[in-house]
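Inspection log for the structure reproduced underneath, given as structure tokens.
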Amino acid sequence: MSNSWKQYGGISKLDKLNTINAGTVIADQFVSRSARPTYQYFNGTFEVSFDFIAGRHVLVNDSIYAGGNVATHGFIYNNNKLFFGGNSNIDYTYDSRKEHPVIPIQTDHAFMYGNSNNIGVNAIDPTASFNINGTTNTVTDILTVESKNDYIRNIIAQNVNQRGIVVDADDTSSNIFFYTNDSSTNVANIPSASITSFNSGISSNSTYLQSTVTDGNLLFNNEGIDITTKGNVIISNEGHIHTDVSLGYLLNASGGSFKIDDVVGNIEFDASNSFSIDCSGTELVLENANSYLKTTSDFTLLSKGVDDDNTGTIILDSSSGNINLFSRTINATSTQRGISNESIHNETLAVYDNSNQIFLKNVYNDDTILTGNAATFIGTDQSSNTFINFNPAANKLGGAIGGGMAPYDPLRAMTMIGTTNLDGAYNPSQIIVSSTNYDKYLSTIGINTHKPLTEEYILDINGPTHIGNGEIHVKAEPNFEIKFEYLFSWKKIIN
């Protein structure tokens, strides 16, 4: 080709040869007379050994591989999944270039994906502004927010007015703070409520706490605690449950209530059907038809003051009914005596005395002989007397022993022994009446009389008297037969 084109100058006029078709073009420099060519087409591989500079767009119909960093001053638009290789070593040079491994659509490989509204991690259809899904069953840690400091604080939920939930933690405690009303999530503000976890437990600080579920409600506020439910309320604890209420306590359920009255200091149970307490084999049931306390071990009613010197009283009141005691043996004793559990006669009731004084020292002169008072039966007033009756089952025939003031003299004491008939009427047989003149006789025994002659006799018998001597004493019980024969009007013992 000649250099005739130079005679024209400029860039517009060309020789008639417009197209060159050659296998190889070798030139020191390639010059285009077009200052900004509108379109240049290269069919094959176009390799630049240094920098590639484009004034505007770079349009690529397939992949772009970069062996180094990708930097941009503008936005990055991605219309599909964004995968991460984990620093895998892939050579992208021209001589050893290879295709980047294509990850299948259904894969456990982590990715990010988003649309015009939401961004998802491992979520192809994110339903929140930031949606995170786990990819495998073995991975349970979904989100970790970590700080290199000892203290961390994060806002996990906040509205446009900066009201929301904040969490923070250090080496000794973890907190959940709630910012509502006039308190924003600024770190300098005091939260409206908080939940704090220490080494020793969990505490809550708020003026109002409410939890609502289907058919139930739990409310804490400055007016009290409200628990509403159609089911059961269960409190389970391995240790103690301590309740300290200065203004009273009321538990009201359908058909029953439990009330502690702070004004008069009463504790009231009200149950429309029955009240039952069951604890490891011990059961207390209170109901209209029948009430009972059942236990498989010892049961103690203890009534005493601050120390053992103070006394207390246990009252069993059955004014309109009866008190029945069922036991093989009922032992009654004082604290000075105690119970030795000896059943002398296989009795139902054993009453131990207090054994605190010497018995008739002026008579027997023996300090080792003690006496006490095991039981006292008291009449209705100072002029009355009282009796102990002995009867068979379902029959008023029997005997009675009584004592008190003599009916005819308020200065005399008496003791009576007698019998009762089928109607229960008492018939005296023997009476002992004290004397008013101790210089003569201390008392008089009356037989078949209501008023013995005291101060004159020690024994007053009204009626015929027989005195005999017919005692029988068993000396032996032989296991053979004994026969008696009478011969010649004198006795012989044969065999």
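Taken together, the values in this text are just the output of simple stated rules run on the coordinates, not laboratory data. Bear in mind that the values here come from a model prediction, so they are computed numbers and not experimental data. Please note: Cβ atoms are built from the backbone with ideal geometry, for glycine as well, and neighbour counts cover all protein chains shown.
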Under 5 Å, built H, 5+ apart or other chain: amide partners of Gly446: Ile431, Ile432, Val433, Asp460
Fewest-first sequence of Lys451, Lys148, Lys294 by Cβ atoms within 10 Å of each Cβ: Lys148, Lys294, Lys451
Full-extension gain in nm, Thr329 to Leu349, via 0.36 nm per residue minus C-alpha separation: 6.6 nm
Loop sites in segment 128-212: chymotrypsin sites (Phe, Trp or Tyr not before Pro), DSSP, at most 15 other Cβ within 10 Å: Tyr151
Added length on full extension, which subtracts the Cα-Cα distance from 0.36 nm per residue, Val60 to Tyr426: 118.8 nm
Long pairs among Lys304/Lys396; Lys230/Lys259; Lys396/Lys483; Lys259/Lys304; Lys361/Lys440, criterion Cα-Cα beyond 32 Å: Lys304/Lys396; Lys396/Lys483
Fewest-first sequence of Arg328, Arg163 by Cβ atoms within 10 Å of each Cβ: Arg328, Arg163
Rounded to whole Hz, the Karplus (6.51, -1.76, 1.60) HN-Hα couplings of segment 332-342, x for glycine and proline: 10, 8, 9, 5, 6, 8, x, 10, 9, 6, 8
Length-normalised contact order of segment 377-461 in % [C-alpha pairs under 8 Å, at least 6 apart]: 17
Residue order, fewest to most beta carbons within 10 Å, for Thr444, Thr180, Thr72: Thr72, Thr180, Thr444
Residue among Val363, Tyr292, Ser318 farthest towards the positive dipole end of segment 277-384, charges placed on Cβ: Val363
Rounded to whole Hz, the Karplus (6.51, -1.76, 1.60) HN-Hα couplings of segment 181-188, x for glycine and proline: 6, 9, 10, 8, 7, 4, 4, 7
Mean separation of Cα contacts under 8 Å (6+ apart) over length of segment 318-374, as relative contact order %: 28
